[in-house]
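The values are calculated or read from the model by the stated rules, or taken from the named source; none is laboratory data. This one's a predicted model, so the numbers in the text were calculated from it and none came from an experiment. Positions of Cβ are backbone-derived with ideal geometry, glycine not excepted, and every protein chain shown enters the neighbour counts. With ligands, DNA and RNA removed, areas are computed over all heavy atoms of the protein, side chains included. Shrake-Rupley method; radii C 1.70, N 1.55, O 1.52, S 1.80 Å.
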Protein chains: 2
Amino acid sequence: MSKALKNRIYLEPEENPTKWYNIVADLPTPMAPPLHPATLQPLQKSDLAAIFAEELIDQEVSQERFIDIPEELQELYRIWRATPLCRARNLEKALGTPAKIYFKYEGDSPTGSHKLNTALPQVYYNHKQGITRITTETGAGQWACALTAACNMFGIECMVYMVSISYHTKIYRRSFVKLYGGEIVASPSNLTEAGRAILAEDPDCSGSLGIAISEAIEDAVTSKNTRYCLGSVLNQVSLHQSVIGLEAIKQLEKIDEYPDIIIGCAGGGSNFAGISFPFFPDKMAGKDIRMIAVEPMACPSMTRGKFAYDFCDTAKLTPLMKMYTLGHDFIPSGIHAGGLRYHALSPILSHLVHEGLVEAKAYGQSDCFDAAALFARTEFIIPAPESSHAIKAVIDEALAAKEAGEEKTILFCLSGHGLYDMAAYDKYNQGDIEDVVITEEELAESFAKLPKVE
Amino acid sequence: MSKALKNRIYLEPEENPTKWYNIVADLPTPMAPPLHPATLQPLQKSDLAAIFAEELIDQEVSQERFIDIPEELQELYRIWRATPLCRARNLEKALGTPAKIYFKYEGDSPTGSHKLNTALPQVYYNHKQGITRITTETGAGQWACALTAACNMFGIECMVYMVSISYHTKIYRRSFVKLYGGEIVASPSNLTEAGRAILAEDPDCSGSLGIAISEAIEDAVTSKNTRYCLGSVLNQVSLHQSVIGLEAIKQLEKIDEYPDIIIGCAGGGSNFAGISFPFFPDKMAGKDIRMIAVEPMACPSMTRGKFAYDFCDTAKLTPLMKMYTLGHDFIPSGIHAGGLRYHALSPILSHLVHEGLVEAKAYGQSDCFDAAALFARTEFIIPAPESSHAIKAVIDEALAAKEAGEEKTILFCLSGHGLYDMAAYDKYNQGDIEDVVITEEELAESFAKLPKVE
């Protein structure tokens, strides 16, 4: 039986990565530094000490190409990693494409998405420092599930501010958080000044990741022995998520494959970073690889945002970062892909998009649900609405390859399963999925509030 | 890095089973034959032709030890099989037991449970015969998800009668069925005579698997080009599920392990059959292996039922089988483990329990949820409420091994994940799980209605 029959490629545990890959060491041009929100001067490590654990701050600013994964974390990763590299043969057949479609199935993680890859190290380093309580925000709840599960392992309290609209629709991710002993509230909440201020203006506010970040940071800096964790956007997150791409490289080697195109959805950008960044050294060395980050039309930071300094949160508590942004108080409509409802994008990924090294695409959610349904019916996996954006782009590229008669090899990240998103699929089953178009006026209004820097 | 660090053992695709194992060839004593419900004479193959596809009838009565898995099915199995053999090291640590705990993770299947192992072959053989529509019943919905996904692959219509109480609580398994193009109604329904008769007596009837089977069979035999499929109980199902145990044997060999105890939950008995039956040749050859089937106290067919001829359904449409039964119109209370709410048990498994080759245990659901929560928090997998019964028994055996200071090796089947059962975990989070005790009077009343045979 030939290796070509393998639909899933794994790794032996001893083949798992022992170091994370840090793309910052390989950037062709330097990134703009983060700025202190008050002084507008480049941020110092000490400015972050009240927010993040020390080793995480070191990783955040590290220029090292590789950073050792502590043995204890390697052992925890081995609970489920390496995730399988799967070939979507049935989807290929359904599309009639000569393209070969591979995906890393991060939904195979015990918490259902790639988020655990960074939740474990973040909690680990906080625990090592003696921190006993962690705060965070969450959109669709994938991050909350991962962080509370990780906190539970280390005996750390976890406090989650969940974007209100997702709190009320992704109810079973809430149940998950509670099962693992986490505390979870809808954001904006009455627990923080940031939340109360927004509720005073709009008691029915559906929330946003930017608002929830403000609440979680405020809670962290005003509470005892507490730090804040973030599931995307940060350099440390891209670092931790590199295990996805590092594994994929080894798995593809086993079957003598190499991707022509790498695709991932991007909200903050962490799963896209994970699957694609480890391939950058090859790309910079001249290898012809297209990399495509996919976002929702309802929150189009890459395709319609500004590349500018902005806050990561709504209440302006965070440093200023140079990144693609729709403006820090942009509140996206309530699309089902709650994890992609972020006004901005990881500064590293923004830098790469700005440099033309990563392409950006945006799709409406009805097209994405069609793609997800086809994928589910052919490949037997129900994708998270976030991941469906990647799948839509994969299908388009596979059909383009068919049109051109080219046997392209496509690799994408299936960042999470949609088993907690069945309420969204119910709407889809009922033909009740709406697309949202943002007007130029809305954007202009939001851009007008960008901080004035430079 | 030693093999002992592996928490998950897989197989290479070429190591996957190419034949199913049929325990009927190895039974130490013959089973009582199924009887025709009208004549009470041993059933003929022709009696089943209106209900099942022909090749499935052949498998149902086969005495062959091994039956070839068609190449096309082997390829479909390879989409997700072999499922991982996992070691529950964190659970072991939490219990402080010297026992080694291994489990086959069938929740890793694309439909979330072991049910796809038999759904695919059943649909395959029906499709091969030109059948265009399949009916079935489902309890918690694991079987419905598997069957509709399989039907979707072969372009066959699927009609599901879902036990009413589960229809209204496991709502996302309904959504799954619809996403895959299946039709699903609450049972008892108005679509069949059997359903209408029961609704006339009790309009609020919460349903049972026995009732839903009656409806699905009636639909099959009265509809054009339609056959019926069943997800448990039958010999063919135990046959197909043998892939679980056959894989486990090879996976354990890879790490030089052999189980002292094999555990699975049992409703109809299919996942227990799958994990344990392939070990029987060793057991019959003198190997010391304990096998423990676990059922809910609320539906205690093995521990409090009669070993007697009974119908598999409530409306008495099926052949009479000799098996452990609580009586064909016993309606179990609405426990969360909807898949274990069956009045009887696979005749093969019943035979083995009766012969003393398999031990039977029963637990209340609150103990099982405690076990499931401990498992979820230590092993990062949320078990289906059905599977939690196996976990409770595993924990008890591991603690007994600790007490005795014995390094036992325990193998169990984690038959499915609980991601569609989060409503039940919500109740658990709120301290709202009730145990149900069946009185002797209730049982006596039900036993009085057993058919008079012999």
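Some values worked out for this structure:
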quantity	calculated
Residue tally, condition open to solvent by less than 10 Å² (accessible area, probe 1.4 Å) and away from chain B (no Cβ under 14 Å), over the range A:144-158	0
Unique match (being closer than 29 Å to residue A:318 by Cα and either acidic (Asp, Glu) or open to solvent by 30 Å² or more (accessible area, probe 1.4 Å) (or both)) among A:361, A:427, A:402	A:361
Sole exception among (1) free of Cβ contacts under 8 Å to residues at least 40 places away in the same chain; (2) among the aliphatic types (A, V, I, L, M); (3) open to solvent by 30 Å² or more (accessible area, probe 1.4 Å) for residue A:94, by number	(1)
Selected residue (criterion: farthest from the other protein chains (Cβ to nearest Cβ)) from residues of the range B:183-205 that are under 21 Å from the mean Cα position of the chain (by Cα) and either among the small types (Gly, Ala, Ser) or in a loop (DSSP other than H, G, I, E, B) (or both)	B:187
The lone exception for residue B:52 - which of (1) under 30 Å from residue A:419 (Cα atoms); (2) crowded, with 20+ Cβ neighbours inside 10 Å it fails	(1)
Members of the range A:300-317 found to be surrounded by fewer than 23 Cβ atoms within 10 Å (Cβ to Cβ) and at pLDDT below 95, listed by number	A:315, A:316, A:317
In the range A:190-244, the residues that are among the polar types (S, T, N, Q), in contact with a strand residue (DSSP E or B) (Cβ under 7 Å, 6 or more places away or on another chain) and open to solvent by less than 10 Å² (accessible area, probe 1.4 Å)	A:208, A:226, A:242
Residue A:82 assigned to a loop (DSSP other than H, G, I, E, B) and either open to solvent by 10 Å² or more (accessible area, probe 1.4 Å) or under 30 Å from residue A:175 (Cβ atoms) (or both)	yes
Residues being over 28 Å from residue B:433 (Cα atoms), touching a residue at least 60 places away in the same chain (Cβ under 8 Å) and outside any helix (DSSP H, G or I) - total across the range B:281-305	2
Condition broken by residue A:169, with the remaining ones in (1) open to solvent by less than 10 Å² (accessible area, probe 1.4 Å); (2) under 23 Å from the mean Cα position of the chain (by Cα); (3) β-branched (Val, Ile, Thr) satisfied	(1)
Residue match in the range B:376-392 (condition: in a strand (DSSP E or B) and within 17 Å of the chain's Cα centre (by Cα))	yes
Residues of the range B:55-75 satisfying the condition of being surrounded by 13 or more Cβ atoms within 10 Å (Cβ to Cβ) and not in a helix (DSSP H, G or I)	B:62, B:64, B:65, B:66, B:67, B:69, B:70
Test: residue A:98 is away from chain B (no Cβ under 14 Å) and not in a helix (DSSP H, G or I)	yes
Selection status of residue B:156, free of Cβ contacts under 8 Å to residues at least 60 places away in the same chain and of a type in the set (Val, Ile, Thr)	yes
Residue that is nearest to residue A:249 (Cα to Cα), among those in the range A:409-434 that are more than 14 Å from chain B (Cβ to nearest Cβ) and at pLDDT 95 or above	A:411
